[in-house]
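The values are calculated or read from the model by the stated rules, or taken from the named source; none is laboratory data. Computed from a prediction, not measured in an experiment: that's the story for all the values here. Heads up, the Cβs are rebuilt from the backbone with ideal geometry, glycines too, and the neighbour counts pull from every protein chain shown. SASA here: full protein model, heavy atoms, side chains in, ligands and nucleic acids out. Shrake-Rupley method; radii C 1.70, N 1.55, O 1.52, S 1.80 Å.
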Amino acid sequence: MKSKTKAVIIKVCISGLFLMHETPSIALIRDFRQPVYINSEKQMVNLQNNTATASGNVHVTQGTIKILATKVIMMRPNGDNKKMIVDAYGNLTTFYQMQDNHASVQGSAKKIHYELENNKIELIGNACLRQLHSRIQCDHLVYLMKEQKIQAISNHDHRITTILMPSELKNNYKPYIPLKSKNY
């Protein structure tokens with residue numbers, strides 16, 4: 001009973017993360033039609049296995065989608081570019097994408113798994129996804145970019161943290177700054 005209630009609360013919080021804006025938050029559809037560019041200090045390509053490994057300050061871009069990592073392994077199952085899989089590794093890998101409403105989605109984790117065919121990003125290990133002043137933190141996060149759906153997963157009794165900023169506060173948001181006390 002308790003776990004069912006928790007699951008419902010988590011689903012409601014996650015659903016609210018992208019429903020907080022008056023304008024729908026939809027990924028730039030043209031991103032998924034763009035080529036994938038890889039820029040790094042070192043690259044090794046295995047044509048027979050349809051894999052490539054990039055290391056050293058790796059930048060992967062596809063339209064407004066950007067992934068930054070220490071090491072990236074790209075695979076093309078059966079040589080099909082549409083089915084490319086990108087696995088990014090590092091102490092902190094980052095993900096960025098601009099939305100149609102000009103708000104960006106930013107994420108970070110120890111590993112990022114990107115499936116081009118499914119337009120899916122997984123943030124694994126100390127995962128965090130942010131949009132404007134709202135964010136969700138957990139162990140493992142699955143983000144379906146076209147559908148704007150998020151699944152947050154917690155491992156080993158870790159908690160999931162979601163911070164949602166109400167839409168009516170978005171234009172008037174001012175961070176709390178404590179007043180300095182005066183000694184009389």
Give the residues of the stretch 63-75 that are open to solvent by less than 40 Å² (accessible area, probe 1.4 Å), modelled with pLDDT of 95 or more and either hydroxyl-bearing (S, T, Y) or touching a helix residue (DSSP H, G or I) at 6+ places or on another chain (Cβ under 8 Å) (or both), sorted by residue number.
none
Where residues in the stretch 29-62 are farther than 21 Å from A109 by Cβ and in a loop (DSSP other than H, G, I, E, B), which of them is least open to solvent (accessible area, probe 1.4 Å)?
N50
For the stretch 94-117, what are the residues that are modelled with pLDDT of 90 or more and open to solvent by 40 Å² or more (accessible area, probe 1.4 Å)?
T94, Y96, Q106, K110, K111
What number of residues within the stretch 144-153 satisfy the criterion of being open to solvent by less than 40 Å² (accessible area, probe 1.4 Å) and either within 18 Å of Q97 (Cα to Cα) or polar (S, T, N, Q) (or both)?
3
Would you be able to say whether some residue in the stretch 7-28 is of a type in the set (D, E, K, R) and modelled with pLDDT of 90 or more?
no
